[in-house]
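Where a number appears in this text, it was derived from the coordinates with a stated rule and is not lab data. This one's a predicted model, so the numbers in the text were calculated from it and none came from an experiment. When we count neighbours, we look across all protein chains shown, and the Cβ atoms used for this are built from the backbone with ideal geometry, even at glycine.
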Amino acid sequence: MSNICLVTGGAGFIGCAISPLLAKHFDRVIAVDNMHPQIHATASRPAALHEKVELVMGDVSQRETWDALLPGLKPDVVIHLAAETGTGQSLTEGSRHANVNVVGTTQMLDAFVRHDAIPRRVVLTSSRAVYGEGAWQDAQGRVSYPGQRSRAQLEAKQWDFPGLTCLPFESTRTEPRPTSIYGSTKYAQELILKAWALSFGVEVGLLRLQNVYGPGQSLSNPYTGIVSLFAQLARTGKVIPLYEDGEIVRDFVFIDDVASAVFRVTTGNIPSADAYDVGCGSGTTIRELAEIIASIYGAPAPVVNGAYRNGDVRAASADISRTQAELGWHPQWDVRKGVTALCAWIDGQL
Ligand SMILES: NC(=O)c1ccc[n+]([C@@H]2O[C@H](COP(=O)([O-])OP(=O)(O)OC[C@H]3O[C@@H](n4cnc5c(N)ncnc54)[C@H](O)[C@@H]3O)[C@@H](O)[C@H]2O)c1
């Protein structure tokens, strides 16, 4: 059995974070990445990518990338990270997201067969975006799926679903109902990979990540990364604007905790084919997040500006109890500690 790990999108935020763990575990680690200009300020090799990782430039959605890469190579494990990740952006650039996320996945799987390079395991980092608004509960304990908030609701500032409370997402319980094109493409990735892998006897490791943040995230990508966006405003003394009424809930999970979860699914036993939810284990409102960041920098108090983004969900957090029990994985970073580490890193970058 080869001891080669192939990582698509391996030069990105999560790819760099897992690279030291992979470099230690595998004989060879190969990252294929097109160094997307929206993520990477320059096309040069990221300093955070472990020196042992072989970086190959290539676009996963192009057949030629795979035809150049795979002859003579049989990876044991593939970690599929390459993706277009702009949730809001995907509403108006849907083809771009579908091409990389959906066609990029099918091109990869086709190429494994074409080149007799079917791996033992494929790991996919899917997203909490597959749940959309998820399941909500009324005062009597009845669960329903309120679905996507319409433009009319948002214009009328009806942010919440009256009388309902959002339940944390858990893949064996919460039905996927994406409210964004990005979320739909991530769910399509899951379905495609599962169908293919079952037919070829390939193990699948599925993770649904909440909002990942921490040192190493792109500071130039305006479409992702609310934590770094808030930090960059606060450190220059600006007021952090809060969308809706500031009570949007997210589950902010620190990059080191995500790296350890991805590594476990890559190298350990995967007891279940169901996706593992990866978050910090509790929700934080964007107001709470902004107040932590403003206090770190001594910036003015955050201000609600009532703006909104179509397709944004009101509340998202994960129930990580099954992930913890089955993977033996436990997040080590709470939001205050993680945000403080991110701010210190940003201060050293800018
Ligand atoms: N960061 C998060 O909050 C988060 C949350 C949920 C899921 N995810 C998923 O995790 C994965 C990695 O996310 P990340 O935060 O490291 O993102 P990232 O944007 O930092 O990294 C993605 C990498 O993929 C590369 N890439 C983009 N298009 C490509 C293409 N066509 N061919 C080859 N490479 C390409 C980029 O250059 C980049 O290096 C993605 O699949 C994303 O959907 C991330």
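Odds and ends about this structure:
- Between amide H atoms placed 1.01 Å from N, distances below 5 Å from residue 317 occur with 169, all of them 5 or more places distant or on a separate chain.
- To the nearest ten degrees, helix 286-297 and the longest principal axis of the Cα atoms of the chain are 90 degrees apart.
- For the range 39-149: span of alpha carbons on each principal axis (Å, largest first): 60, 34, 29
- Amide H partners (placed H, <5 Å) of residue 277, local residues excluded: 171, 208, 323
- Legend: distances between Cα atoms for 238/337; 157/194; 157/337; 194/337; pairs beyond 28 Å are 157/194; 157/337; 194/337.
- Placing unit charges on each Cβ (+1 for Lys and Arg, -1 for Asp and Glu) gives the range 39-171 a dipole about its Cα centre, and among 73, 40, 147 the Cα reaching farthest toward its positive end belongs to 147.
- Residues whose amide H falls under 5 Å from that of residue 252, counting only those 5 or more places apart or on a different chain, are 280, 284, with hydrogens built in the peptide plane.
- Ignoring aspartates and glutamates fewer than eight residues from residue 74 along the same chain, the ones with Cα atoms less than 16 angstrom from its Cα are 27, 54, 110, 116, 203.
- Our analysis of the range 247-289 gives Rg over Rh at 1.10, with the two radii drawn from alpha carbon positions and Rh computed by the Kirkwood formula.
- Residue by residue, the range 231-244 carries 3J(HN,Hα) couplings of 5, 5, 5, 5, 6, 9, x, 7, 6, 7, x, 10, 6, 6 Hz when phi is fed to the Karplus relation 6.51 cos²θ - 1.76 cosθ + 1.60 (θ = phi - 60°); x denotes Gly or Pro.
- Approximate shape of the range 90-144 as ellipsoid semi-axes (Cα gyration tensor, √5λ), whole Å, largest first: 35, 18, 7
- In Hz, Karplus ³J(HN,Hα) per residue of the range 4-10 (6.51, -1.76, 1.60; θ = phi - 60°; x = Gly, Pro): 10, 10, 9, 10, 7, x, x
- Cα-derived Rg to Rh of the range 4-349, Kirkwood definition: 0.96
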